[in-house]
Each structure stands twice: as structure tokens, then as C-alpha cells.
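The values are calculated or read from the model by the stated rules, or taken from the named source; none is laboratory data. Nothing here was measured: the structure is a model prediction, and the numbers come from that model. Ideal geometry is used to build each Cβ from the backbone, glycine not excepted, and the neighbour counts take in all protein chains shown. Side chains are part of the model used for accessible areas, which takes the heavy atoms of the whole protein and leaves out ligands, DNA and RNA. Shrake-Rupley method; radii C 1.70, N 1.55, O 1.52, S 1.80 Å.
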Amino acid sequence: MTASSQVTGPRVGAALPPVAFATESVLAWQRVVSSSFVPLVVDDLSDGRFAGTIRGRVIGDVFFSRLRVTPHEVHRTPALIDASERLFYKITLMLAGTGELVQDNRTALMLPGSISVYDTARPYSLRFADPVDTVVIMFPRDLIDPSPDHVRAITAISLGAEESLTRIVTPLLTEISSDFASLEGPAAARVVHTAVELISALLSTAALARATEGDRERLSLMLRIREHILDNLGDSELNPDSIARAVYISTRHLHVLFHRQGTTVSAWIREQRIEAIRRELSDPMHAHRSIAEIAACWGYPDASHFSRTFRQHVGMAPSGFRRAALVDARHGETRRSKLVPDQRATTG
């Protein structure tokens, strides 16, 4: 049995270097997948010949991983959910082998080339009767457009090659999982942003196709709202009233829609602005621009207010974040910020 750096679930901060783990122990595998993703129970189906390897990388808030494992089962129980600090969506892309995903009273047959989504906020089970090669991506629930209710409608459903967006998403996710080491600096952030946008589009399309008429109208409205916000992030006057007028609904209705997704209009706008600013502060192509200029372009004309907001959201001053990010970009190395503590461990 061999082991190297143990990985952790997504955290806000700089990109982490590639990590890997290999073992022939089911208990060691359960420990590493529980610390990499969320707490899980693993049962061996390989008649004592268990073997598993995981390679993964956390970039921003998204954890990309590639797993090769002998037959086994994975269970996410109510007790484990209660013990979890954060909740995520997980996407599994099957590369080889087959499996079954059970959640929300549905069972998905996972075939090579198919993509399935499941929610760590509710119990689920995965069963792999044969050795499998999979790409697993985990990310915070608020990174994608569909609301939790809409995602619930597509959990444990296999999205295969008949879905046009599956055919677009699959090669990108496969390539990312094949060469984690090539993702460095601002390029990594851009690739992850593109991948998450494609995943969001895939899940939105799937949710729309399977929604009832009323749900379809609500999801379409939410997608229009988010599109309007993203198109106008640079407008410092962007606010709930102006957004509601743009999409022809009441401000109260707007607040209700965001409340159903577990957030607020202002919080979602702030998160999108800060993320956009982080990307530009990390990008050497924007090194000639002042922090105040970048902030103003994304809706923060008041430098002092922006600095306080950025520090509160990211955990460090914009200037310190930029220095660390640009050093990483120049040297092709990734520093762990204080928001991403070193989690390295060796399992014997």
C-alpha cells in the first residue's frame, strides 16, 4: 500500500498542487474519500482484493478528481450528513466500467460517457460491481444556476451522449483529470470557470427538460435574472429594484426567488463581483492595472468599501492576495494561503 498527500474538499483560496493517494486498504480508502469529499461509508465488493487510487486537485472552490477503484459501494447516510460542515453537489463522469447511483427514490445506471449529479445534502448510494475509472467533481451548491429544488429533479439521472452538452462537457472534464499538473496560475482559474459554466448549462438544460410547466417557468426566470446580473456587474447602481424592473417582476418576488436558493440578491451579486476581481488580480495580463481600477470596473467605485468587502470575503487584503497570486503565476508554483491550511498526511 502506498500513499502520498491526502486531499481535502473545496475551500476558498489559491489553487493547490496536484495530490495523489493509492491503497489496498478499504479503511484507508474510506478515510481518504471522506476527507477528500464528504464523510462516507465504503464497503468492499472485491472479495478481499480491494485497490483504489485517487488523483485530485482543488482549484478555487472546485475539487477535480480521477478515481480508479475495484468493486465497492459508497454510502452517504443521514448521520454523516448531520456531521458535515458544508454541503456540495458532486458530478461523476464514467470513463470505464459501470455503476448505479441511488438518490431521491431514483436509480441511475452509470455507463461510460455518462454524467450524473448528486447532492451531498441528502442520502445517496453508489454501487460499482466492476472496476471503474471515473472523474468526480465536487463544488459548492451556489456555483451553478439551477436551484436546489431544480437539481433535486435531476439527481440520480444518467445524462448520456444523447444530451448535446454532455458531448461538449465530457472531453474537457476528461482532459482536466488527465493532467492536473498543467493547471497553474490564472490559466487554472479560467479553465475551472469554463468547466463550471458548462456544467451549470448542462444541468440547467436537463432540469428545464424534466421540469413541470410551473417549475420550468421559475427556472427560466431565474436564469434570466442571473444573466442580467452577470451582464451588469460593473454597474455600481445594480440593485434589487433595478434587477426586478429589468425582468418585469416585483422586488419582493425577486427576494423570494433568491431566498429559496438559500441566499440573497445582494450576497449573490457580491460573490460574483469578488470572484471576477479575484480572477483579474491573479492574472498577469492585468498586472498593469491598479487594484482600484479593477474594483471600479466590477462595481466598487469606493476603494475603502471594496477593500473591506474583499478582506471579509477572501480573508486577506486585495494587495496581499495579488502579490501572492502573481508570484505563483511567475514561478508556476502555488502557495497555500492562510485560508487553505496544509492538510498533508501520510497513511500507512
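Listed by first and then second residue, the pairs with beta-carbon distance under 8 Å, at least 6 apart or on different chains, first residue in segment 181-209 and basic (K, R), second modelled with pLDDT of 85 or more, are R190/R279.
Of note, V58 does not satisfy the criterion of being out of contact with any Pro (no Cβ under 7 Å at 6 or more places or on another chain), closer than 30 Å to E184 by Cα and not charged (D, E, K, R).
Of the residues making up segment 137-162, those that are open to solvent by less than 50 Å² (accessible area, probe 1.4 Å), under 19 Å from L101 (Cα atoms) and in a loop (DSSP other than H, G, I, E, B) are A153, I154, T155, A156, I157, S158, G160.
Highlighted here are the strands (runs of 3 or more DSSP E) found entirely within segment 16-90 that include at least 1 residues which are touching a helix residue (DSSP H, G or I) at 6+ places or on another chain (Cβ under 6 Å) and more than 18 Å from L173 (Cα to Cα): 19-23, 41-44, 52-59.
Residue-by-condition table, conditions (1) part of a helix (DSSP H, G or I); (2) open to solvent by less than 70 Å² (accessible area, probe 1.4 Å); (3) touching a residue at least 60 places away in the same chain (Cβ under 8 Å); (4) of a type in the set (V, I, T):
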{"position": "G214", "(1), (2), (3), (4)": "yes, yes, no, no"}
{"position": "L221", "(1), (2), (3), (4)": "yes, yes, no, no"}
{"position": "I229", "(1), (2), (3), (4)": "yes, yes, no, yes"}
{"position": "D235", "(1), (2), (3), (4)": "no, yes, yes, no"}
{"position": "A244", "(1), (2), (3), (4)": "yes, yes, no, no"}
{"position": "R252", "(1), (2), (3), (4)": "yes, no, no, no"}
{"position": "H259", "(1), (2), (3), (4)": "yes, no, no, no"}
{"position": "A292", "(1), (2), (3), (4)": "yes, yes, no, no"}
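L87 fulfils the conditions (1) over 19 Å from F64 (Cα atoms); (2) surrounded by fewer than 19 Cβ atoms within 10 Å (Cβ to Cβ) except for a single criterion, (1). Out of the residues in segment 294-316 meeting the condition of being touching a Lys or Arg at 6+ places or on another chain (Cβ under 8 Å) and more than 13 Å from D235 (Cα to Cα), tell me which one is surrounded by the most Cβ atoms within 10 Å (Cβ to Cβ). So the residue we want is V314.
If the condition is being surrounded by fewer than 22 Cβ atoms within 10 Å (Cβ to Cβ) and either more than 22 Å from I154 (Cβ to Cβ) or in contact with a Lys or Arg (Cβ under 9 Å, 6 or more places away or on another chain) (or both), then segment 70-83 contributes T70, P71, E73, V74, T77, P78, A79, L80, I81, D82, A83.
Can D149 be described as among the acidic types (D, E) and either on the phi > 0 side of the Ramachandran plot or at pLDDT 95 or above (or both)? Considered against the rule, which asks whether it is among the acidic types (D, E) and either on the phi > 0 side of the Ramachandran plot or at pLDDT 95 or above (or both), D149 comes out as no. Under the condition of being of a type in the set (A, V, I, L, M) and over 22 Å from L230 (Cβ atoms), the residues counted in segment 292-330 number 9. Just to be sure before I move on: is P112 part of a loop (DSSP other than H, G, I, E, B), surrounded by fewer than 18 Cβ atoms within 10 Å (Cβ to Cβ) and at pLDDT 95 or above in the structure I sent? In short, yes. If the condition is being among the aliphatic types (A, V, I, L, M) and modelled with pLDDT of 90 or more, then segment 259-296 contributes V265, A267, I269, I274, A276, I277, L281, I291, A292, I294, A295, A296.
Inspect all residues belonging to segment 131-143 and state whether any of them is touching a Leu at 6+ places or on another chain (Cβ under 9 Å), over 26 Å from V69 (Cβ atoms) and of a type outside the set (A, V, I, L, M, F, W, C). No, segment 131-143 contains no residue that is touching a Leu at 6+ places or on another chain (Cβ under 9 Å), over 26 Å from V69 (Cβ atoms) and of a type outside the set (A, V, I, L, M, F, W, C). Filtered by the rule that a residue be of a type in the set (S, T, N, Q) and either at pLDDT 85 or above or in contact with a Phe, Trp or Tyr (Cβ under 9 Å, 6 or more places away or on another chain) (or both), segment 186-219 gives T194, S200, S204, T205.
In segment 177-194, the qualifying residues are those that are over 14 Å from the mean Cα position of the chain (by Cα) and hydrophobic (A, V, I, L, M, F, W, C), and the one that is surrounded by the fewest Cβ atoms within 10 Å (Cβ to Cβ) is A181. For V117, the conditions (1) open to solvent by 30 Å² or more (accessible area, probe 1.4 Å); (2) part of a strand (DSSP E or B) are fulfilled apart from (1).
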